[in-house]
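In what follows, a structure is listed as structure tokens, so that the remarks can point back to it.
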Amino acid sequence: MKNHAALTSSTTLNNGVNMPWLGLGVWESKEGGEVENAVLSAIEQGYRHIDTAAIYGNEAGVGKAIKDSGIAREELFITTKLWNARQGYESTLEAFEESRKKLGVDYVDLYLIHWPVAGKYLETWRAFEKLYKDGLVRAVGVSNFQPRHLQDVMDHYEVKPAVNQVEFHPYLTQRDLYTFCRQQGIQLEAWSPLMRGGDMLGHPLLQHLAGKYSKTPAQIVLRWDLDQEVVTIPKSVRAARILENAQVFDFHLSEEEIAQITALNQDRRSFEYDPDNVTFGLA
């Protein structure tokens, strides 16, 4: 039960909505049985925060698992994202309705612009404001936005992004962005927090801390996120790993250890995608 209670612990977004600190990411989880089983397993283990996106192609599976779980809708926090090719005012409204129907929900808890497409994201944000004011979305935010993109949105619109979901891990700590978001009251959220299970987890510092706390290197990294007040959504389709990722609420890293992990930064992205030059996914 301890883990269940911890998994409902949440941050309060700048509009007063509560968002669980830890959730399940479903990127690369195949539509159908794979994503359905992953989401059901997570919910059974106490997760209440599920993160998907239109481009993942698995919103319907997420929706089926939500329905099959028997958990009341208001107890869940569901995020989805608008893909690049659908940006623009009318196309955003249409794309949202498609996502909502696939998910089988009356509203979405958090809707994100997936990438800052130049010349499009401001018009897109106008549609996001409408969805928010119409009550179809409880909070609106962005993904992969840099400070200049965030400032641009804030300069033009009344509703401030509630969340900025970005690649964030010990090899890509994005300190300027982290500081900017904290100063502006925008909740930072980490995608790919474990760097897709790459060589980072073998780093001697993470191995040492794992031994000290009787945790895995992955759990050390997720605790590093949480101790910096960064929401995190590790992905897995394996029940045992989904459970392991949630067992990070019974310890804290020291300020010195957080700083040591942060110092591992290499400005190293898992993907070639550049937030300042979004030319992909437009067709």
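Overview of results
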read-out	value
Hits in the stretch 207-230 - residues which are surrounded by fewer than 18 Cβ atoms within 10 Å (Cβ to Cβ), assigned to a helix (DSSP H, G or I) and not polar (S, T, N, Q)	His208, Ala210, Gly211, Lys212, Tyr213, Asp227
Which listed residue is more than 18 Å from the chain's Cα centre (by Cα), more than 25 Å from Phe128 (Cβ to Cβ) and loosely packed, with under 15 Cβ neighbours inside 10 Å, from Ala65, Ala5	Ala5
Options Leu112, Leu93, Leu136; residue that is among the hydrophobic types (A, V, I, L, M, F, W, C) and either at pLDDT below 95 or over 21 Å from the mean Cα position of the chain (by Cα) (or both)	Leu93
Top-ranked residue in the stretch 239-283 [being at pLDDT 85 or above and in contact with an Asp or Glu (Cβ under 7 Å, 6 or more places away or on another chain); ranked as surrounded by the fewest Cβ atoms within 10 Å (Cβ to Cβ)]	His252
Condition met for Ser270 (free of Cβ contacts under 8 Å to residues at least 60 places away in the same chain and of a type outside the set (A, V, I, L, M, F, W, C))	no
Pairs with Cβ under 7 Å, 6+ apart, first in the stretch 31-54 and under 14 Å from Ala5 (Cα atoms) and of a type in the set (Lys, Arg), second surrounded by fewer than 20 Cβ atoms within 10 Å (Cβ to Cβ) and at pLDDT 95 or above	Arg48/Glu75; Arg48/Leu76
Some residue of the stretch 88-108 being touching a helix residue (DSSP H, G or I) at 6+ places or on another chain (Cβ under 6 Å), among the charged types (D, E, K, R) and under 18 Å from Phe145 (Cα atoms)	no
Residue that is surrounded by the fewest Cβ atoms within 10 Å (Cβ to Cβ), among those in the stretch 19-59 that are more than 19 Å from Trp191 (Cα to Cα) and either of a type in the set (A, V, I, L, M, F, W, C) or in contact with a Ser or Thr (Cβ under 8 Å, 6 or more places away or on another chain) (or both)	Glu44
Test: Ala190 is in contact with a helix residue (DSSP H, G or I) (Cβ under 6 Å, 6 or more places away or on another chain), of a type in the set (Gly, Ala, Ser) and either farther than 19 Å from Ser10 by Cβ or surrounded by 19 or more Cβ atoms within 10 Å (Cβ to Cβ) (or both)	yes
Qualifying residue in the stretch 131-152 (condition: out of contact with any Phe, Trp or Tyr (no Cβ under 6 Å at 6 or more places or on another chain), among the hydroxyl-bearing types (Ser, Thr, Tyr), free of Cβ contacts under 8 Å to residues at least 12 places away in the same chain and surrounded by fewer than 20 Cβ atoms within 10 Å (Cβ to Cβ))	no
Residue in the stretch 244-264 that is nearest to Gln219 (Cα to Cα), counting only those that are touching a Pro at 6+ places or on another chain (Cβ under 8 Å) and of a type in the set (Val, Ile, Thr)	Ile261
Per-region count, the stretch 153-177, residues crowded, with 16+ Cβ neighbours inside 10 Å and in contact with a Phe, Trp or Tyr (Cβ under 8 Å, 6 or more places away or on another chain)	10
Residue count, the stretch 236-269 (criterion: within 21 Å of the chain's Cα centre (by Cα) and not in a helix (DSSP H, G or I))	10
Residues of the stretch 78-98 that turn out to be in contact with a Leu (Cβ under 8 Å, 6 or more places away or on another chain) and over 23 Å from Val231 (Cα atoms), as a count	6
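The values are calculated or read from the model by the stated rules, or taken from the named source; none is laboratory data. Quick caveat, the model's predicted, so the values are computed rather than measured. When we count neighbours, we look across all protein chains shown, and the Cβ atoms used for this are built from the backbone with ideal geometry, even at glycine.
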